[in-house]
Structures are given as C-alpha cells and as structure tokens.
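J.: Got a structure here, written out as structure tokens. Questions coming.
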C-alpha cells in the first residue's frame, strides 16, 4: 500500500537547462504519476543556461514534503547553488533537504520511484547515489 | 576610518571594476569553461551597485553579509555561491573598523568557507590561488607600503594560475588543455583586490557620499 503523495519524499530537479529539467521531470511523472511531489528549475535569472538560487529555493518549496526533498543536479554550478540554497533554508527544513550525488535523469527517476514506495529520505538518496561510481 | 562614505567608495570601485571587465572575464571563461563568468559576475555586481547607498549605511560586517547575499541570489553559476560565501563569511569575523591584521584573520576564515563551498583547495586553479597569497600578505604587515604590495601579490598570484592544470570546476573537464589560460575566478579576485586598494588609497569624492 503506497502512502499518499504528501507524505512521500519530494523530488527537486536542478539543471543548467530548463529543457533538461523539464524533460527529466516528464520522465519522473511517467514513472510515478502523482505519487510524489515534484518540482524542477533550470536556467539562470535571465533565462539563459545556468542555475539560480532563488529558483532552487522556489522549487524546494513547491516539492516540500514533511519527509523532506531529494535534489538531483547536473553540473558543478547546479550542485554548488543547490547546496547554497539548502543552507539558506530554515533549520527544520535544512536537515531534510539533501543534494544527491547521482546522474540527473536516472537519479531523478530512481529516487522518485523509491520515494513513491514510501522510503525515508536517506534511503531515497542512497538509492539514487548507487548509480554513481564510488 | 571606515564610514558610510568610505564604504560606498569601496562598493563603487569594486563593482565598477567587475562590470568594466565583464567581457574580459567572459573571454577567459570561454577559453576553459562555459563562458558565463563575466556576464554572471556583471549581473551580481550590478545588483550590488544598485543597492550601494543602502549597503554603505550598514556597519561593515552587515554590509559584507548583505553584499554576499546579493551575489548568491543574482550571480548564478558556481561563482554566485563562491563569491557570495566569500563576502558573507568575511562578515562573520570582521570588526566594524578593522585593522589590517583583523582583516587578514577574517579573510583566513572566509578562505576556509570558500574551500568548503567549492570542495577545493589551493593549487587547483581557482579563486583560492589568489585569496591565499593575499591573506598571507595581510598576515605579514610590516611596512606602510601595504597597498602596492597587496596589488602586486594579487597580480602575480592571478597570473600564476595560467600554467596550472584545473582540478575543480568546469575547466577540469579540459584536463591538460586548461593549462596556459588564467583562471577567470582568480582574475575576478585580482580585480576586486586591486579596486579595494585603490579605493582605500584615494579620498572619498563628495558626490559619492550616501
């Protein structure tokens, strides 16, 4: 029996490209439907390629669940900006928002699949990170 | 003596330097990265410049913190959190009217914060390769000639990143091909250090006073 979506870990996708972020989100939805909260952000404040802390904070807020959110990122700036965004969260949320070291598309799909089964944040993160070479 | 006029003079000098060199920074980044450093830094420092009057009225630590937050929110790219963290963590240990030694100690702590943010260390062809020698200069103050020495140290340290091989950031994808180009983040620190020295050495123009 799956838990309701509001109780599952949420998924945030942060890419340098809005198209990549949206496309990855489409693939997540195809896999898990509406059973997890999902938000994506891509591009810089001017609409070009890049990442934007304000956009990441808004996506974290949109995907927020009491179980926390797992954040999937592409290249370095997405990771650094996501870590910065997590530090800007209030203390309760900060402990429940994690950046996963995983490929963005595969990581988002597998993390969401794990989250849809009701797994806690650390298991969702761990499952996504098993995709990365150690 | 640090007051609102001097602080605004510093903000204008630093933001003007970055904005004026945005194309050069972009060209450096195009050589070994994704080519967005100049336009990103310009976006962030324009936001700082637009808020210069408000920032300058704050005590120095509060000003640095607010300035860093502008960079975090506006720069985008990895430079936003990295330069934002630099200024925000400088704020943590900076007295309102610091001695050079106190500024050096604050810079030391800020360097540690930048290392943690970028998961990087000195010698990897980054902004740290200019920040660390500058901190050493401040820790070793023994003459009245600090400004020129500081400026020379910044220039030499930034230029010394050219023969380095990038270990962190997008430039590291190029491996040995990153050798021979100055690091754009190092150039930005050089520009900022130069502007700070010039602004501390010149009187505050009346028309700049907030």
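Every number in this text was worked out from the coordinates using simple rules, so none of it is lab data. Remember, predicted model here, so these are calculated numbers, not experimental data. Cβ: placed from backbone, ideal geometry, glycine included. Neighbour counts: every protein chain shown.
J.: At 222 nm, what helix-only mean residue ellipticity would the protein assembly as shown give, in deg cm²/dmol to the nearest 500, using -39500 (n - 2.57) for each DSSP H run of four or more?
T.: -19000 deg cm²/dmol, from helical runs alone.
J.: Next question. Return one number: the angle in degrees, 0 to 90 and rounded to the nearest 10, between the long axis of the Cα atoms of helix A:76-88 and the longest principal axis of the Cα atoms of chain A.
T.: Long axis of A:76-88 versus the principal axis of chain A: about 70 degrees.
J.: Three principal axis extents, largest first, for the C-alpha atoms of the range B:103-209, in Å?
T.: Projected onto the principal axes, the Cα atoms of the range B:103-209 cover 48, 26, 26 Å.
J.: Sticking with this structure for a sec: What shape does the range A:18-134 take by its C-alpha gyration tensor, where a ≥ b ≥ c are the square roots of the eigenvalues and a/c under 1.5 counts as rounded, a/b above b/c as prolate, and the rest as oblate?
T.: The shape class here is rounded.
J.: May I pose another question? Which of B:88, B:164 has the fewest other C-beta atoms within 10 Å, and how do the rest follow up to the most?
T.: Neighbour counts put them in this order, fewest first: B:164, B:88.
J.: Taking other Cβ within 10 Å of each residue's Cβ, how do B:187, B:6 sort, fewest first?
T.: Fewest to most other Cβ atoms nearby, the residues stand as B:6, B:187.
J.: For the range B:130-205 and the range A:35-105, write down the distance between their C-alpha centroids in whole Å.
T.: Answer, in whole Å: 32.
J.: Right, next: List A:100, B:197 from most exposed to least, where exposure is judged by having the fewest other Cβ atoms within 10 Å.
T.: Ascending Cβ contact count within 10 Å gives the list B:197, A:100.
J.: Next up: Mean separation of Cα pairs under 8 Å and 6+ residues apart, divided by the residue count of chain A: what relative contact order is that in percent?
T.: Rounded, it is 31 percent for chain A.
J.: Note the direction-averaged projected area, equal to a quarter of the hull surface, for the Cα convex hull of the protein assembly as shown, in nm².
T.: Mean shadow area of the hull around the Cα atoms is 17.3 nm².
J.: May I ask you to compute the full-extension gain from residue B:174 to residue B:23, defined as 0.36 nm times their residue separation minus their alpha-carbon distance, rounded to one decimal in nm?
T.: Length difference between fully extended and current span is 52.2 nm.
J.: Something else: With a cut-off of 8 Å between alpha carbons and a minimum separation of six or more residues, what is the relative contact order of chain B in percent?
T.: Contact order relative to length: 24 percent.
J.: Calculate the all-directions average of the projected area of chain B's alpha-carbon convex hull, and give it in nm².
T.: 10.1
J.: Tell me the label-point distance for the pair residue B:209, residue B:102, using the 7 Å Cα-to-Cβ offset, in nm and rounded to one decimal.
T.: In this crude label model, residue B:209 to residue B:102 measures out at 2.4 nm.
J.: Sequence gap at least 6, Cα distance under 8 Å: using those rules, report the relative contact order of the range A:80-134 to the nearest whole percent.
T.: 36
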